[in-house]
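Each remark here refers to the structure printed beneath this line.
Just so it is clear, none of the values below were taken in a lab; they were calculated from the coordinates. Keep in mind it's a predicted model, so treat the numbers as computed, not measured. Every residue, glycine among them, receives a Cβ derived from its backbone with ideal geometry; neighbour counts consider all protein chains shown.
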Amino acid sequence: MGFEFINKLPTPAEIKEQFPLPAECVLIKAQRDQEVKKIISGDSEKFLVIIGPCSADNEDSVLDYVSRLVKIQEDTQDKLLIIPRVYTNKPRTTGEGYKGMLHQPDPEKRPSMADGLHAIRHVHMRVLQETGLSTADEMLYPDNVSYLDDIMSYIAVGARSVENQQHRLVSSGCHVPVGMKNPTSGDLTVMLNSVKAAQSGHEFIMRDWEVRTAGNPWTHTILRGAVNKHGQCLPNYHYEDLILLHKLYMERNLNNPACIVDANHSNSNKQYAEQIRIVKEVLHSRRHSNDIHQFVKGVMIESYIEPGIQNIGEHCYGKSITDPCLGWEASKQLLYDIADAV
């Protein structure tokens, strides 16, 4: 019983002082932040694609993957805004398994949060510096957002965190769009309540400070599918689901109605190849309904260099060690297909 206090960790200010973001990267991120906000608010017709590995488990392969996105972003810049997933914290349903680079910079070595804080900032910074693409990560631990908030252009709150008070309050102070996923139960009102809370201002405790926020008007919803009481996956990306969520939005006084569809997780039943079909169905729904066209702002896709999944220790370069991912060739074609369809 009890806690063993291992290391006193550096504060976000100390980490940022040790690894400052170069001035040119500050400018690039600010420009991309504005682009994302314009998409969420409806001031831009571009389509948002948040794509990348389920978990950023290896810095070199993540950089290799993101560097491949650069040409596609250049080719599709009039249609798409691509944000690479650099997910360095991984929620574990049972508490077991790889918890991400923050916990284990090397998945085959012992956990070290002290090393992990350096590692996650380093990989996010390298992506921005070497590719010009600002990143997305998950807000698994609300107190840790400040270690990366000067690099990320998009933050996601997961299905198991969306009901948590601290996640909602911290989201209200983020200066970039935050996507709230529906809970694993699929209850859309929970997700919408989370958006409402994050769009409002609050006073609360964060990292030993009493803080005040003004609210984040770019907070929005993410549909990721659900699980019923028998553990069966229930997708929520179909036309009827999008129409229902749009209707629920219209009944509430929320800023910037917006939805992102997560093509993996319970929407695909983790059948990673199904992401292609799911994305294309979502695009078809946008073409069929002007309301959905204006409402659905983008998609999330889990993708890496090699398709599928491997066990830790198999050392297959660029292959996921958490959820299975779409491979590069299929991902590349899908991105061009999205650009042609929006």
Legend entry - Sum of side-chain charges, Glu281 neighbourhood, beta-carbon under 14 Å (Lys, Arg +1; Asp, Glu -1): -1
Legend entry - the chain: radius of gyration over Cα atoms, expressed as a fraction of 2.2 N^0.38 Å: 0.93
Inset, instruction - Nearest 5 is fine: what % of DSSP beta bridges in segment 188-282 come out antiparallel, could you say? - result: 65
Inset, instruction - Just grab the label-to-label distance for Gln77 and Asp208, each label 7 Å out from Cα along the Cβ direction, in nm (one decimal). - result: 4.5
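Might you report the magnitude of the Cβ-based charge dipole of the chain about its Cα centre, with Lys and Arg at +1 and Asp and Glu at -1, to the nearest 20 debye?
Charge dipole of the chain: 640 debye, to the nearest 20.
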Legend entry - Signed unit charges on C-beta, dipole axis of segment 12-341, positive-most listed residue Met139, Gln333, His293: His293
Legend entry - For Ser303, residues with placed amide H under 5 Å, excluding near neighbours: Gly52, Cys54, Leu326
Legend entry - Per-residue [θ]222 nm for the chain (sum of -39500 (n - 2.57) over DSSP H runs n ≥ 4, rounded to 500): -12000 deg cm²/dmol
Legend entry - Out-of-range pairs (alpha-carbon distance over 30 Å; input Lys71/Lys109; Lys79/Lys181; Lys90/Lys229): Lys71/Lys109
Legend entry - Alpha-carbon centroid distance for the pair segment 39-108 / segment 1-23, whole angstrom: 23
Legend entry - Nonlocal amide H pairs with Phe19, under 5 Å, H built at 1.01 Å: none
Inset, instruction - Could I have the simple spin-label model distance between Ala330 and Glu108, label points 7 Å from Cα toward Cβ, reported in nm to one decimal? - result: 2.7
Inset, instruction - Determine the gain in length on full extension of the stretch Asp60-Thr93; use 0.36 nm per residue of separation and subtract their C-alpha separation, reporting nm with one decimal. - result: 9.1 nm
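From the mean inverse distance of alpha carbon pairs (Kirkwood) and the Cα radius of gyration, derive Rg over Rh for segment 197-312.
That ratio is 1.07, to two decimals.
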Legend entry - Hz values of 3J(HN,Hα) by residue in segment 204-209 - Karplus curve (6.51, -1.76, 1.60), Gly and Pro given as x: 6, 9, 9, 6, 6, 10
Inset, instruction - Please figure out what share of the DSSP beta bridges in segment 174-237 is antiparallel and state it in percent, rounded to the nearest 5. - result: 65
Legend entry - Under-5 Å amide H pairs with Asn216, H placed in peptide plane, nonlocal only: Gln199, Ser200
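By DSSP, what percent of the beta bridges with both residues in segment 12-341 are antiparallel, rounded to the nearest 5?
On the way: 7 of 37 bridges.
Among the beta bridges of segment 12-341, antiparallel pairing accounts for roughly 20 percent.
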Legend entry - Relative contact order of segment 12-341, pairs being alpha-carbon contacts under 8 Å that are 6 or more residues apart, as %: 17
